[in-house]
1. Among (1) of a type in the set (Val, Ile, Thr); (2) assigned to a helix (DSSP H, G or I); (3) at pLDDT below 95, there is one condition Thr74 misses while meeting the rest; what is its number?
2. Against the condition surrounded by fewer than 17 Cβ atoms within 10 Å (Cβ to Cβ), part of a loop (DSSP other than H, G, I, E, B) and of a type outside the set (D, E, K, R), how does Gln79 come out, does it pass?
3. Would you be able to tell me the number of residues in the stretch 12-55 that are of a type in the set (Ser, Thr, Tyr), within 11 Å of the chain's Cα centre (by Cα) and under 16 Å from Ala73 (Cβ atoms)?
4. Considering each of Val38, Val43, Val56, Val48 in turn, give the residue that is part of a loop (DSSP other than H, G, I, E, B), surrounded by 14 or more Cβ atoms within 10 Å (Cβ to Cβ) and modelled with pLDDT of 95 or more.
5. Restricting attention to the stretch 14-30, report how many residues are of a type in the set (D, E, K, R) and either exposed (fewer than 14 other Cβ atoms within 10 Å of the Cβ) or not in a helix (DSSP H, G or I) (or both).
Amino acid sequence: MTEMPRYEYVKLADQISADIASGKLPMGAALPAERAMVDIYGVSIGTVRRTVRELVSRGLVATLPAKGTYVIATPDTAQPPKA
């Protein structure tokens with residue numbers, strides 16, 4: 001059976017989620033800046049922004065305007081934000 005295709009932002013969110021789960025990105029760690037993520041992961045700025053929104057919706061990171069995006073939970077402890 002063939003795996004369904006996935007959006008690039010979901011693939012990147014899954015990759016970053018795995019980095020958080022493994023401890024490569026520990027609690028409190030800052031994600032790289034958007035422009036740096038473009039270079040690191042080889043994706044567009046729009047994909048990076050959508051990835052960050054996905055990680056926020058999963059309850060893994062929080063963004064502080066003009067400060068950055070920080071790890072606030074691991075995949076096994078994350079509580080998605082209430083709408």
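1. That leaves (2) as the condition not met.
2. Numbers: surrounded by fewer than 17 Cβ atoms within 10 Å (Cβ to Cβ): yes; part of a loop (DSSP other than H, G, I, E, B): yes; of a type outside the set (D, E, K, R): yes.
Against the criterion (surrounded by fewer than 17 Cβ atoms within 10 Å (Cβ to Cβ), part of a loop (DSSP other than H, G, I, E, B) and of a type outside the set (D, E, K, R)), Gln79 qualifies.
3. 1
4. Details: Val38 fails: part of a loop (DSSP other than H, G, I, E, B); Val56 fails: part of a loop (DSSP other than H, G, I, E, B); Val48 fails: part of a loop (DSSP other than H, G, I, E, B).
Selected residue: Val43, the only one of Val38, Val43, Val56, Val48 that is part of a loop (DSSP other than H, G, I, E, B), surrounded by 14 or more Cβ atoms within 10 Å (Cβ to Cβ) and modelled with pLDDT of 95 or more.
5. Going residue by residue through the stretch 14-30, those that are of a type in the set (D, E, K, R) are 14, 19, 24.
Now restrict to residues that are either exposed (fewer than 14 other Cβ atoms within 10 Å of the Cβ) or not in a helix (DSSP H, G or I) (or both): 24.
So the count comes out to 1.
The values are calculated or read from the model by the stated rules, or taken from the named source; none is laboratory data. No experiment lies behind these values; they were computed from the predicted model shown. Glycine also receives a Cβ, built like all others from the backbone with ideal geometry; neighbour counts cover every protein chain displayed.
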